[in-house]
1. Return the residue satisfying two criteria in turn: it lies in segment 772-802 and is within 20 Å of residue 852 (Cβ to Cβ) and touching a helix residue (DSSP H, G or I) at 6+ places or on another chain (Cβ under 7 Å), and of such residues it is surrounded by the most Cβ atoms within 10 Å (Cβ to Cβ).
2. Which one of these does residue 716 not meet: (1) at pLDDT 80 or above; (2) within 46 Å of the chain's Cα centre (by Cα); (3) under 27 Å from residue 846 (Cβ atoms)?
3. With the checklist (1) touching a strand residue (DSSP E or B) at 6+ places or on another chain (Cβ under 6 Å); (2) assigned by TED's automatic domain parsing to the domain that holds residue 427 in hand, flag the one item residue 255 doesn't pass.
4. Which ones in segment 723-763 are at pLDDT 85 or above, under 17 Å from residue 775 (Cβ atoms) and exposed (fewer than 14 other Cβ atoms within 10 Å of the Cβ)?
5. Taking only pairs six or more apart or across chains, which ones have beta-carbon atoms under 7 Å, a first residue in segment 1043-1062 that is assigned by TED's automatic domain parsing to the domain that holds residue 993 and on the phi > 0 side of the Ramachandran plot, and a second residue that is surrounded by fewer than 13 Cβ atoms within 10 Å (Cβ to Cβ) and in a loop (DSSP other than H, G, I, E, B)?
6. Within segment 268-280, is there a residue that is crowded, with 18+ Cβ neighbours inside 10 Å, closer than 27 Å to residue 500 by Cα and touching a residue at least 60 places away in the same chain (Cβ under 8 Å)?
7. Does segment 351-372 include one or more residues that are in a strand (DSSP E or B), surrounded by 15 or more Cβ atoms within 10 Å (Cβ to Cβ) and assigned by TED's automatic domain parsing to the domain that holds residue 292?
8. Return a yes/no flag: does segment 27-40 have any residue that is closer than 24 Å to residue 161 by Cα and part of a helix (DSSP H, G or I).
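The values are calculated or read from the model by the stated rules, or taken from the named source; none is laboratory data. Computed from a predicted model, the values in this text were never measured in an experiment. When we count neighbours, we look across all protein chains shown, and the Cβ atoms used for this are built from the backbone with ideal geometry, even at glycine.
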């Protein structure tokens, strides 16, 4: 408590505050801030109790720190102390009140007394207790008042938000560049390693907005990455991202990779972002130079002549070399006297739009070319030494400020020409760049050396003495012969080039002893230098590096090196993997040059080793995809051929039978005429449904292939499904005189009612019966036996008497997808698992083992079945898919001349609960021909006289009372439908498209009130039509109804050949009341017409 004397001196308002705080349960104290050492005027009981355990020195230091720091009339955070969060507020100009937020900071004490709890790391709050480095002291002394962060958070660091202070504590000691963006303006605070990346932008960037440091493009790029990470709720990893950085006045291409880590504020919103950066510019440059060197070597070493070498050289540098802005290739005139008098003429260039400036070289450029030829070295031109015509302004890059010149020598040591390479203005002409130019020079020398001369291109590969002699004169002997390495200048040049070359280089004695290996060679083999040379003492050391599968090939290849007199090129694998895939074998390519003495003895062999793993993987993937595409195309072509064949057969029959009906003699007796017409009509009906079956098989196949087919389990009796299938084929079985038999297998599972999808089960059985009919129809003994049974365990192949087909790997094999497909089987309506087994056995012609292998495949049939029995080649494949979809298997056993037995089983559930309707619905009552896309002959209803049948309930509006508008662009379809509806008593009008339909509506009672207006009960509307399609038309009709221009609701049924579910859904969404898909029968259309009209007449 404060003394009474001090309280008496307080102003009245403070006395009132004290009276209020005395009994407050929030720890509170009032300090006098006018003195150098703040005096505590008041402490309430809650304050004394909460801080009783704190030593007085620590308490006084804390109070002194908070009182002397920036304070305002607004409540500001005072940080945490004694495991609590505190708030401070200035009262007038003389007093500061500090009180607790009532937010308890969790204790840091752990279960182990290891001393970690007492460690202090906060160098902002306790600068005297935490060891600091020069950068931390620099930040503590930095004048933040002149920065954006100072304006936003205050000029003293210990007043900054807790989240920002905690982030600084973490990343200011980070050994690599770390950059913190704070607030929506992306204010930058960074650690010491980042200053090298900022260059001369430091210290101006410290504490200020990024927009003032970098241009808008860089800022937007950074903000986009931060926003992406925040929206995804995770850090963002960027790889080899290009930034153009101004470093000491030089705009340089720089590549970075790193992470953007979000910083969350106390309110849960975005407060800032920590950016951990690693510059990979040198790595990106090295990878590009390695790729250029490898490709240049591979393509020039096989060039047939010099002109192709120059062409490849210019092309590769233009397309692939990021370091190079342009390339000029000057050739030396062979003539002693030329009209221009010029020694050099421009042979070719890359990277330039025009060669005009180089038609005549300046004295300075001539001097540079001659210097490179005289010194036989690479010359760097920059600043004053760079000729004016080489300072070319490159679009989007800037003006070239440096270039390299080197001379190309032939095998006789004579200069062929010189190369001028302009350096990318955004890259430095440093030592690494110069080494890259050396590498290009050496590769060109190698390519030129392989050729004897422009007129005799192959002699060098045949004449050993000439080859070795010319190599020495061309200075490539420093790679081929140890003797020339004793020359100090050549040795230094070779060593410098080889050690920095992005490809492996080697030089061996004829007996396999290594003379020289660069680091890249050993890296590609996955070997260490000391270990490799130690193994070389006992033989060829590289043999231990070869992949086991390539050991024999490698032995033969190296034997060819020892025996051959020519350049060899081959590829092999080594055990060492790549950095990205350490366990995957690495592919290497060798270009090897054997060196022999005058007697033909192998003295040395040298060459290059390059990594071609990515190239091999690309080739393998390309080949795999090409083969897959070819196979898919072949199968599709076969499928189209089969579909075409199967569609033409029934179409031909329909055309001929229609012609027969049309040419029926009117003089014939009525009975005979009627019988012939009915028979022809029945056959046309069969042909039409055969075509429909093929179309539906293709649709089912498409659904299965797209994983869109789903199951709908319901209470089912297996025997009724079998009997229903036979009933559908009753007519065809009788006509073919085929005996059928249904048997129930003996099993330990006496279950009558099963939960499964009866329509898909029936579809498989129908396909198998159809198959049996094909093979049995012409057999001497004609019998088909259907067997079924229930089992508690999956039946074996022995139980079924067949050999099961191995299940295919499909999308729905994924456990998550399979669970979704069979979820209905696991509902409350299902009990224990039950396996339903069905078999179809026939006495047909049977199949050979070779023919049996083709069954159940996509687009495949046994060869003779296609020619003799027809079919799309999808029926058994779809059956297999449906069975495997229901966690079952299918198979067959067949003997040629004896017969076949097909069997399958599916997984189902035992039905344990009665249906909600109180009765068990039979399978037969829910299956109709239109729902069975694979039904064939027996499912085709014959044409016969319709008998009057009582229907309950009777519709309010009968079809013969209707006024119907048919909107159909196909005149034949329109004519046939109109005729049939008029026979039923309808008043029918027709329109050829949607626009004509809208014009007709204006004459009906829905739009016209005149006495001659036409009644209209229903519109049958096609969808695909010219001028105006059906979907546009129905939308216009519904819009007119909504606006009140059309009175009431006009019922509309869509008549379409678009049978996919999404197409039907689109029609309903557009405003159709119902959809009927083609083909259909009028007797199936009439109930829908009556139902739709009844619905809206009742609503009206």
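1. 784
2. Going through (1) at pLDDT 80 or above; (2) within 46 Å of the chain's Cα centre (by Cα); (3) under 27 Å from residue 846 (Cβ atoms) one by one, residue 716 breaks only (3).
3. So the condition that residue 255 fails would be (2).
4. 737, 739, 741 - these are the residues of segment 723-763 that are at pLDDT 85 or above, under 17 Å from residue 775 (Cβ atoms) and exposed (fewer than 14 other Cβ atoms within 10 Å of the Cβ).
5. As it stands, the answer is 1048/1100, since those pairs meet every condition given.
6. Yes, segment 268-280 contains at least one residue that is crowded, with 18+ Cβ neighbours inside 10 Å, closer than 27 Å to residue 500 by Cα and touching a residue at least 60 places away in the same chain (Cβ under 8 Å).
7. The answer is no, given that none of the residues of segment 351-372 is in a strand (DSSP E or B), surrounded by 15 or more Cβ atoms within 10 Å (Cβ to Cβ) and assigned by TED's automatic domain parsing to the domain that holds residue 292.
8. The answer is no; no qualifying residue exists.
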